[in-house]
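J.: First the structure, then my questions, so here it is.
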Amino acid sequence: MHLDSAQEKALRGELGEAKQFAMEIVSKVGDAVGADELVPIKSAHVLAHYSSLHDAGVEVLERFANSGGKFAVPTSVDPASIDLQNWKSFGIPEDYARQQLRLCDAYAKMGGMRCWTCVQYQVCNFPKERDVVAWAESSAVVFANSVLGSRSNKITAGMDIACAVLGLTPRFGMLLDENRQAGVVFELGLKGLTDLDYRSMGFFIGRNAGACIPSLDGLPSSVTSDQIKHLGAGAAAAGPVTMIHFPGITPGSKTIADACGGEKVEEIEITRSSLSDIESDLNQTSELPDLVAFGVPHLSVNELGELARLIDGRKLKKGVKMYAYTSSQAYDMAERTGITATIERTGARISHSTDAEISPLKALGFNTVLTNSAKLAEIVSSEGEIRVGYASQKDIVERVTS
Amino acid sequence: MKPWHKRGKGLILGRAQGEALVSLRAFTFAHGVDPSTGVVTDVRSDVRGMNVKGKILFYPFGKGSTTASSWFLETVRQGNNPAAVVTETVDLSAVIGSVMARVVYGKEIPVMTGVRRTAYVGLKSGAEVFLDAGRGEVRAEG
């Protein structure tokens, strides 16, 4: 990969230790993937949660922060592994919280936006069409490429911070027009989609698209951006998906032919049985759960409002906890508009700045989790210790409240 | 098993030798491998219960969370990492994980791509594999 003279200087350490460390990472990754050069980014989104970064990640982030690293572009951050305001009342062990707070301090020192959300595109990080960004968070990368028409590779931990410190990313993969073409079309032959169907459909697409970029034909015009958010999250959880063309929604893809660049590609039909197969795969247990988790990815304030209307006047059954996960910004709005009070009257709680899949669920004593998130169901079952149920929000509320 | 020899593209160069661990499904270190042991925990993986430590790890492509490279790096920190990774299409998290292993812990973990899943069929988990990413070669003895 070609480096210009300023980038060479960074690599030699003439622009400080943090930029040298960042350039070492970025140039090696660029060389590995055959990028031709580094290009400027409009924003970054990075990871700083202890459950996934582990002690190695604390070392890396502190090395950046302690050697003078500052973010060169507006940078947002994924949720933390603890509710940053109320972690004690959620029963988080002190030593666990301490490692998370080290990550928070390092991140803050580098000048990032303290949003702690996986839906930064609904909160504080709004790239426009064709903007190049370097984002972590698989579900957000799908949203950026598919809905906003921005351009991001699925930047993973370590590289995310390096790109943010340099304000640069190697040009390859999803930054290039020729790699954004759909290679498989999913035909939706179904009407009357439920909210859960969008999540299962995403998972089905992720599992069956292989390494191709999928296009999805036949979404009803009633689809909401929240439903697309959950569809994309399910797809990215199940496979290597970085983008889905939604004809009529995705910038530049008015039709399936646009999405596929006029080429004839494989077609896969999505039927009722495709979705019920996914449901039964993700739903491992129908027992009464210890924890109901909504909001992977984070709920918008509208979704919190829907939950409040659904659950108003009910009471959680004994032995069941229900957490709705959201961004700090939606949390504030929910408090001001009475949504929080309605939800919390039932015994449920709203948790912000963290999310279920990156919380120490086992350490908190949860053995069974029930969710309407395909992403959470996939992740929690992958760790192999907690049993997971998967059902619609409406069914869940029926089951766990009276 | 017949002698097995394939060509691919070296992404992170270097040589490695070890037993093959072959998955035919999308693979991830994120929540899917326990860094403190190297054992695959993912219930949807066809190599669940196997250990990645010291192995030449084959899988077609990645899936899931962008935290995969930090899970990978933690297996390196704890000494439970694979010896090399071979995929069909580029898994950026393996590339980034390997680069981080090099710059943070000075460890070389070669990564190759372009070896098709259909070619894994002749290769059994446990076979002794030799990999030279610089030459784009991977082979197993019969």
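None of the figures in this text is laboratory data; all of them are computed from the coordinates on show. Quick caveat, the model's predicted, so the values are computed rather than measured. Every residue, glycine as well, gets a Cβ built from its backbone with ideal geometry; the counts of neighbours run over all protein chains shown.
J.: Can you list the residues, at least 5 places off or on another chain, whose amide H is less than 5 Å from the amide H of residue A:81, using H built in the peptide plane?
T.: A:50, A:51
J.: Plugging the Kirkwood radius over Cα pairs into Stokes-Einstein for the range A:181-280, at a temperature of 25 °C and a viscosity of 0.890 mPa s, what D comes out in µm²/s?
T.: Values: Rh = 13.2 Å.
It diffuses with D of about 186 µm²/s by this estimate.
J.: Counting every Cα pair in chain B, what percent are over 23 Å apart? Walk me through the numbers before you get to the answer.
T.: On the way: 2210 of 10011 pairs.
Summing the P(r) of chain B above 23 Å gives 22 percent of all pairs.
J.: Arrange A:61, A:176 by Cβ neighbour counts within 10 Å, fewest through most, would you? Write down the numbers at each step before the final one.
T.: Details: A:61 27, A:176 12.
Sorted ascending by nearby Cβ count, the order is A:176, A:61.
J.: Next question. With contacts defined as alpha carbon pairs under 8 Å and 6 or more residues apart, what's the relative contact order of chain A in percent?
T.: On the way: 867 pairs, mean separation 67.4, N = 402.
RCO, chain A: 17 percent.
J.: Taking θ as phi - 60°, what are the ³J(HN,Hα) couplings along the range B:56-62 by the Karplus curve (6.51, -1.76, 1.60), each to the nearest whole Hz, with x for Gly and Pro?
T.: Per residue, the Karplus-derived 3J(HN,Hα) values read 8, 8, 10, 7, x, 7, x Hz.
J.: Straight-line reach only, C-alpha to C-alpha below 14 angstrom: list the aspartates and glutamates that residue A:191 could link to, leaving out same-chain residues fewer than 8 apart.
T.: Counting by Cα, and skipping residues close in sequence, residue A:191 has these aspartates and glutamates nearby: A:217, A:269.
J.: Pull up the cross-link candidates among the lysines for residue A:109, meaning alpha carbon to alpha carbon under 16 Å and not fewer than 8 places away within one chain.
T.: Candidates past the 8-residue exclusion: A:19, A:70.
J.: Mind checking the range A:256-357 for GluC sites (Glu not before Pro) that DSSP puts in a loop (not H, G, I, E or B) and that have at most 13 other Cβ atoms within 10 Å? Mind dumping the intermediate values first?
T.: On the way: sites: A:263, A:266, A:267, A:269, A:279, A:287, A:303, A:306, A:335, A:344, A:357; in loops: A:263, A:287.
Those that pass, being in a loop and sparsely packed, are A:263, A:287.
J.: Which percentage, to the nearest 5, of the DSSP beta bridges contained in the protein assembly as shown is antiparallel?
T.: Numbers: 22 of 67 bridges.
That works out to approximately 35 percent antiparallel.
J.: Another question, then. What is the set of long-range amide H partners of residue A:384 at a cut-off below 5 Å, with H atoms built 1.01 Å from backbone N?
T.: Under 5 Å from the amide H of residue A:384 lie the amide H atoms of B:43, each far enough along the sequence or on another chain.
J.: So what's the gap between the Cα centers of the range A:136-153 and the range A:82-106, to the nearest angstrom?
T.: Centre-to-centre distance over Cα atoms comes out at 29 Å.
J.: If the viscosity is 1.306 mPa s and the temperature 10 °C, what translational diffusion coefficient in µm²/s does Stokes-Einstein give for the range B:1-81 when Rh comes from Kirkwood over Cα pairs? Present the calculation step by step, with values, prior to reporting the outcome.
T.: Numbers: Rh = 13.4 Å.
Roughly 119 µm²/s, to the nearest whole number.
J.: Taking residue B:6 as the anchor, which aspartates and glutamates have their alpha carbon closer than 17 Å to its alpha carbon, excluding any fewer than eight residues away along the same chain?
T.: Excluding near neighbours in sequence, the set is B:19, B:88, B:128, B:132, B:137, B:141.
J.: Rounded to the nearest 5, what is the percent of antiparallel bridges among the DSSP beta bridges in the range A:5-176? Write down the numbers at each step before the final one.
T.: On the way: 3 of 10 bridges.
For the range A:5-176, the DSSP antiparallel bridge percentage is about 30.
J.: What shape does the range A:349-402 take by its C-alpha gyration tensor, where a ≥ b ≥ c are the square roots of the eigenvalues and a/c under 1.5 counts as rounded, a/b above b/c as prolate, and the rest as oblate?
T.: Details: a/c = 1.61, a/b = 1.32, b/c = 1.22.
Prolate, since a/c reaches 1.5 and a/b exceeds b/c.
J.: For the range A:1-15 and the range B:23-66, write down the distance between their C-alpha centroids in whole Å.
T.: For the range A:1-15 versus the range B:23-66, the Cα centre distance is 36 Å.
J.: Still on this model: Quick one, can you get me the convex hull of the C-alpha atoms of the range A:160-227 expressed as volume per residue in Å³?
T.: With only Cα atoms used, the range A:160-227 gives 144 Å³ per residue.
J.: Which order do A:366, A:203 fall in if you start with the one that has the fewest other Cβ atoms within 10 Å?
T.: On the way: A:366 20, A:203 30.
In increasing order of surrounding Cβ atoms, one gets A:366, A:203.
J.: State the Cα centre-to-centre distance between the range A:213-250 and the range A:376-400 in whole Å.
T.: 22
J.: Just to confirm a number: summing +1 for Lys and Arg and -1 for Asp and Glu over residues other than residue B:78 whose beta-carbon lies under 10 angstrom from that of residue B:78, what do you get? Don't skip to the answer; put the middle values down first.
T.: Details: positive: B:53, B:77; negative: A:55, B:34, B:74.
After counting each charged neighbour, the total is -1.
J.: Would you mind ranking A:225, B:69, A:27, A:5 so that the residue whose beta carbon has the fewest other beta carbons within 10 Å leads the list? All intermediate terms of the calculation are to be shown ahead of the outcome.
T.: Working: A:225 14, B:69 35, A:27 22, A:5 7.
The fewest-first ordering by Cβ neighbours comes to A:5, A:225, A:27, B:69.
J.: Scale the Cα Rg of the range A:5-176 by the rule-of-thumb value 2.2 N^0.38 Å and send over the ratio, two decimals.
T.: Working: Rg = 15.8 Å, N = 172, 2.2 N^0.38 = 15.6 Å.
Compared with the compact-globule rule of thumb, the range A:5-176 sits at 1.01.
J.: Right, here's the next one. May I ask which of A:128/A:264; A:229/B:63; B:55/B:107; A:254/B:63; A:128/A:154 have a Cα-Cα span longer than 24 Å here? List each step's numbers first, then the result.
T.: Numbers: A:128/A:264 30 Å; A:229/B:63 17 Å; B:55/B:107 15 Å; A:254/B:63 28 Å; A:128/A:154 18 Å.
Distance filter (> 24 Å) returns A:128/A:264; A:254/B:63.
J.: I want to verify the translational diffusion coefficient of the protein assembly as shown in µm²/s; compute it with Stokes-Einstein, Rh as the Kirkwood radius over Cα pairs, at 10 °C and 1.306 mPa s. Numbers along the way, then the final one.
T.: On the way: Rh = 23.3 Å.
Using the Kirkwood radius from Cα pairs, D works out to 68 µm²/s.
J.: Using alpha carbons only, what's the Rg to Rh ratio of the range A:283-400 with Rh from Kirkwood?
T.: Working: Rg = 13.2 Å, Rh = 14.1 Å.
Dividing the radius of gyration by the Kirkwood radius yields 0.94.
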